[in-house]
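Undergrad: Following this message is one structure expressed as structure tokens.
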Amino acid sequence: MADKIILEITRYSPEQDVEPRFESYEVPVYKEWVVLDALNYIKDKVDGSLTYRWSCRMGICGSCGMMVNGEPKLTCATFLSAYARNGNKVRVEPLRYFPVVRDLVTELSDFLVKLRNVKPWLIRKDEPPLSQGEFLQTPEQLDRYKQFSMCINCTLCYAACPVVGLDPVFVGPAAIALAQRYNMDSRDQGADERMAVLAHPEGIWGCTFVGECTRVCPKHVDPAGAIQQYKLMAVLDWVKSFIMPRGHTSKDVRSEPRND
Amino acid sequence: MSAVNRETIKTTAVYTEFHPRWYRERVSVYWWLGQWQYLKFILRELSSVPVAIFVVITLFQLRALLSGPAAYARFEHWLRTPGAIVLNVISFFFVLLHTITWFNLAPRAMAIRMRGKRLPDLLVAAPNYALWLVVSVVVAWFILR
């Protein structure tokens, strides 16, 4: 007979509830069960109306982010047994600072608009002919941006960032880290376009370096580091614009030569 | 869907046709009390105030020094009052907190690369601490000699 644990889960039905309430469910604890397994158990066996997002259940789709005992977590990577000692309860809530659509489902449009605004794709000013072949990259050039490219858009960093909560127009950790990912890419020529969007009080200067985004990131992207490096780049850019008022663009800031 | 609705999606991404009411939680004024990491952050931000107090005390000390022995004796007398000692002790701890957290954060902001590899965090933070130690020793030598 498996141990049991109580899950306190946020329920919110926009048609009936004025504000969210908690409902408790008793679920069995198996050694290999994660919080998502418990939610699936409730959905299958106890209450089919429980609503939440999930997909891959292996920490790569970024859908199942929720607050577990007040911490932003991927529920597919958070073992139930870690909470099952001494008759503890586990509280599962929707990701903080996002509007709640229903139960544990948050509204992500705002994040997606911010993400699009920072242009997280390769921007080319010149397009060499196909006959020149592919863009080659050395392992060092790959290493410069690889860490930031690990982001899975799970938005745990947004739920950890008090600036996001206090200032909803702040672009936020993941979007800035992804902008930096493309800035650091030797194939990209769009750093100045992104700088125009992000060198702004609602962009990089909105960040007060609480550092929680980095702590909760399940993919070790270090968004806080990316934002501080971006700030340094913006300052150097600004200083250079004084020294070389003409013929200067942000891409000059990058210290490594490009291969194009 | 009307043209107006479609326009709204494009510009503001507020789409409510199938979501009658979203619930948006208000952030409490005391958000920073709920979690140790947030409290630590606020203490670090607050440390700028004692740092400023430290600087002001030093400036007053300098002014007293320039105004002659009598003025400096008066200033020294004030420094010995319990209020001044408490203020200095609190300021000292906040200055320590400020310095240590600042040095620890330095490697995150500075991704220094050598021979194609990023320098380990320790190698970026250590020179800061080393310089701090050297400056402290020099200052101590001046005061205690």
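Undergrad: Would the protein assembly as shown count as rounded, prolate or oblate if I go by the C-alpha gyration tensor, calling it rounded below 1.5 in a/c and otherwise prolate when a/b exceeds b/c, oblate otherwise?
TA: oblate
Undergrad: Binning at 5 Å from 0, report for segment B:43-144 what percent of all alpha-carbon pair distances ends up in each bin.
TA: Binned Cα distances yield the sequence 2, 11, 14, 17, 18, 13, 9, 6, 5, 3, 2, 1, 0.
Undergrad: If you take the charge dipole of the protein assembly as shown about its Cα centre, with +1 on Lys and Arg Cβ and -1 on Asp and Glu Cβ, which of A:Gln137, A:Pro14, A:Ala159 is farthest toward its positive end?
TA: A:Gln137
Undergrad: If you don't mind, another one. Given N residues in segment A:4-106, what is Rg(Cα) / (2.2 N^0.38 Å)?
TA: This ratio for segment A:4-106 stands at 0.99.
Undergrad: Within chain A, how many Lys pairs sit with Cα atoms under 21 Å apart, leaving out pairs fewer than 8 places apart on the same chain?
TA: Going through chain A pair by pair, I get 25.
Undergrad: With θ set to phi - 60° and the Karplus curve 6.51 cos²θ - 1.76 cosθ + 1.60, what are the ³J(HN,Hα) couplings of segment B:138-143 in order, to the nearest whole Hz, using x for Gly and Pro?
TA: 4, 4, 4, 4, 4, 6
Undergrad: Please list the non-local residues whose amide H lies under 5 Å from the amide H of A:Phe22, H modeled 1.01 Å from N, same-chain partners needing a gap of 5 or more.
TA: Amide H to amide H, under 5 Å and 5 or more residues apart or across chains, A:Phe22 pairs with A:Arg11.
Undergrad: If you take the accessible area of A alone plus B alone and subtract the pair, what total do you get in square angstrom, rounded to 100, with a 1.4 Å probe?
TA: Buried: approximately 2800 Å² between B and A.
Undergrad: Further, regarding this structure: First compute the accessible area of segment A:109-255 with a 1.4 Å probe, then give the percent of it belonging to carbon and sulfur atoms. Numbers along the way, then the final one.
TA: Numbers: 4060 of 6790 Å².
Of the solvent-accessible surface of segment A:109-255, carbon and sulfur hold 60 percent.
Undergrad: Return, in residue-number order, each cysteine of chain A whose C-beta is not under 4.7 Å from any other cysteine's C-beta.
TA: So, A:Cys64, A:Cys76, A:Cys151, A:Cys154, A:Cys161, A:Cys207, A:Cys217.
Undergrad: While we're here: Rounded to the nearest 0.05, what FRET efficiency is calculated for A:Gln16 and A:Ser149 with R0 set to 56 Å and r the Cβ-Cβ distance?
TA: 0.85
Undergrad: Can you give the FRET efficiency to the nearest 0.05 for B:Leu33 and A:Phe79, using r as the Cβ-Cβ distance and R₀ = 35 Å?
TA: Plugging the Cβ-Cβ distance into 1/(1 + (r/R0)^6) gives 0.75.
Undergrad: Using just the helices of chain A, give the 222 nm mean residue ellipticity in deg cm²/dmol: DSSP H runs with n ≥ 4 each add -39,500 (n - 2.57), and the total is spread over all residues, rounded to 500.
TA: Calculated mean residue ellipticity at 222 nm is -8500 deg cm²/dmol.
Undergrad: Now for a different question. Picking from B:Trp36, B:Gly68, B:Ala125, whose Cα lies most toward the positive end of the charge dipole for segment B:36-145 (charges on Cβ: Lys, Arg +1; Asp, Glu -1)?
TA: The one lying farthest along the dipole's positive direction is B:Ala125.
Undergrad: Shape call for segment B:88-144 from the C-alpha gyration tensor, a ≥ b ≥ c root eigenvalues: rounded (a/c under 1.5), prolate (a/b greater than b/c) or oblate?
TA: Verdict is oblate for segment B:88-144.
Undergrad: What angle do you read, to the nearest 10 degrees and between 0 and 90, between the alpha-carbon axis of helix B:48-66 and the longest principal axis of chain B?
TA: 30
Undergrad: Now, a different point. Note down the magnitude of the dipole of the protein assembly as shown about its Cα centre, charges +1 on Lys and Arg C-beta and -1 on Asp and Glu C-beta and zero elsewhere, to the nearest 20 debye. Walk me through the numbers on the way to the answer.
TA: Values: 48 positive and 39 negative charges, 205 e Å.
That gives a dipole near 980 debye.
Undergrad: Would you look at the GNM of chain A, springs on alpha carbons closer than 10 Å, and say which of A:Glu127, A:Glu32, A:Glu71 moves the most?
TA: The residue with the greatest mean-square fluctuation here is A:Glu127.
Undergrad: Quote the FRET efficiency, to the nearest 0.05, computed for A:Ser49 versus B:Ala109 with a Förster distance R0 of 56 Å and r equal to the Cβ-Cβ distance.
TA: Numbers: r = 47 Å, r/R0 = 0.84.
Efficiency, from the Cβ-Cβ distance: 0.75.
Undergrad: Of the heavy-atom accessible surface of chain B (probe 1.4 angstrom), what whole percent is carbon and sulfur?
TA: The C+S portion of the solvent-accessible surface of chain B is 71 percent.
The values are calculated or read from the model by the stated rules, or taken from the named source; none is laboratory data. No experiment lies behind these values; they were computed from the predicted model shown. Glycine also receives a Cβ, built like all others from the backbone with ideal geometry; neighbour counts cover every protein chain displayed. Quick note on the areas: whole protein, heavy atoms, side chains included, nothing else; ligands and nucleic acids left out. Shrake-Rupley method; radii C 1.70, N 1.55, O 1.52, S 1.80 Å.
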